[in-house]
1. Inspect region 223-240 for any residue being surrounded by 13 or more Cβ atoms within 10 Å (Cβ to Cβ), among the polar types (S, T, N, Q) and either modelled with pLDDT under 85 or not in a helix (DSSP H, G or I) (or both) and give the result as yes or no.
2. Taking the condition of being closer than 18 Å to Leu272 by Cα and exposed (fewer than 13 other Cβ atoms within 10 Å of the Cβ), how many residues in region 43-90 meet it?
3. Given the conditions (1) modelled with pLDDT of 70 or more; (2) buried (at least 18 other Cβ atoms within 10 Å of the Cβ); (3) over 30 Å from Leu41 (Cα atoms); (4) not hydrophobic (A, V, I, L, M, F, W, C), and given that Ser212 satisfies all but one, which numbered condition is not satisfied?
4. What number of residues in region 43-86 are in a loop (DSSP other than H, G, I, E, B), among the β-branched types (Val, Ile, Thr) and modelled with pLDDT of 80 or more?
5. With the checklist (1) closer than 25 Å to Asn299 by Cα; (2) modelled with pLDDT of 75 or more in hand, flag the one item Arg10 doesn't pass.
6. Does region 118-135 contain any residue that is of a type in the set (D, E, K, R) and part of a helix (DSSP H, G or I)?
7. Need the failing condition index for Trp177 against (1) surrounded by fewer than 19 Cβ atoms within 10 Å (Cβ to Cβ); (2) under 22 Å from the mean Cα position of the chain (by Cα); (3) among the aromatic types (Phe, Trp, Tyr), just the number.
8. Go through Leu281, Leu300 for me and flag whichever is more than 14 Å from Gly90 (Cα to Cα), surrounded by fewer than 20 Cβ atoms within 10 Å (Cβ to Cβ) and more than 13 Å from the chain's Cα centre (by Cα).
Amino acid sequence: MIVLRLLVGRVLLSLVTLLLVSLLIFLILEVLPGDVASRILGRDATPEVLATLRAQLQLDDPAAVRYLRWLAGVLQGDFGKALTSSRPIGQILGPRIFNTILLSAYAFLIYIPLALVPALIQAVNRDRPIDHALSTVTLVLLSVPDFLLATLLMIGFVVMIPVLPAISLVDDTSTVWQYVRAMTLPAVTLAIVMAVYAVRMLRDNLIEVLDSEYVRMAELKGLSPRLVLLRHALPNALVPTLNVTALNLAYLIGGVVIVEKVFSYPGFGSLLVDSLQLRDLPVIEATVMIAASVYIGANLLADIGAILLNPRLRSG
């Protein structure tokens, strides 16, 4: 019953948060100079032409009316039409979200071993040369920006060892193998960026759990070190790391803008950048709302996972 009340409260809070996010984005874009009409027509447009286009796009309506009209459409499952192309936003978002989901799933599959294996090695070999070496590598990777890491991987696997494409362009006609080749470098970049944070936290958690009394009791009972590590220590050490993983899941959906731009991957993040440049408010609102929903949902899943993995949280 306690867990149910917690989940209901979190869901309601999430809905309020999404509403505030949509309102904040709308207000920020309203105070910025220019609008989508001036971006479409350019600097040479006459005031008469600008006024005509603004009237066609309903930009002359009061801001509150435009926001409430958009919000009413969202509540009915309709994000409206893009101001720049007059296409339904659902048709624009569909292929982009599909591409980003594929890239995110690929990156997350790479992320899991990249986060688990080094942390397990470091925890078992704490304060040994291999532990110090892996700690140094993670510190170096933590200091490398996304775009620089993507560029280094591109130099390594496109220029020096030409096995992967430099531009990750895919479309409806691309085969599975073409998708895999196009997504490999962006996925590896995302996986490394996410894993370095999780490795350091998981290593420290594992060391703390391995020094706990119940783990020592399991060792005294004659259980093998591998069984103690994987069955008793790892599940408990994963609980604090779930929050980092939740943030990484949100980063995969909403924060891949730089990586997608570097590799020219036609995903969700690059659509957001293009929409911001054009000031296409309905598309911006839709993309931000989806990213915020994923972020909030990922944190909610992390809370549920923590409760399932930790019996003390369930009993409390």
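1. Yes; the residues of region 223-240 include at least one that is surrounded by 13 or more Cβ atoms within 10 Å (Cβ to Cβ), among the polar types (S, T, N, Q) and either modelled with pLDDT under 85 or not in a helix (DSSP H, G or I) (or both).
2. The total comes to 2.
3. The failed condition is (2).
4. Step one: of region 43-86, the residues in a loop (DSSP other than H, G, I, E, B) are 43-46, 57-62, 76-80, 82-86.
Filter once more, keeping what is among the β-branched types (Val, Ile, Thr): 46, 84.
Then drop every residue that is not modelled with pLDDT of 80 or more, which leaves none.
Number satisfying all stated conditions: 0.
5. Of everything listed in (1) closer than 25 Å to Asn299 by Cα; (2) modelled with pLDDT of 75 or more, Arg10 misses just condition (2).
6. Quick first cut of region 118-135, residues of a type in the set (D, E, K, R) only: 126-128, 131.
Next cut, part of a helix (DSSP H, G or I) only: 131.
For region 118-135, residues of a type in the set (D, E, K, R) and part of a helix (DSSP H, G or I): present.
7. So the condition that Trp177 fails would be (2).
8. Working: Leu281 fails: surrounded by fewer than 20 Cβ atoms within 10 Å (Cβ to Cβ).
Residue meeting the stated conditions: Leu300.
The values are calculated or read from the model by the stated rules, or taken from the named source; none is laboratory data. This one's a predicted model, so the numbers in the text were calculated from it and none came from an experiment. Here the Cβ is made from the backbone with ideal geometry for all residues, glycine too, and neighbour counts use every protein chain on show.
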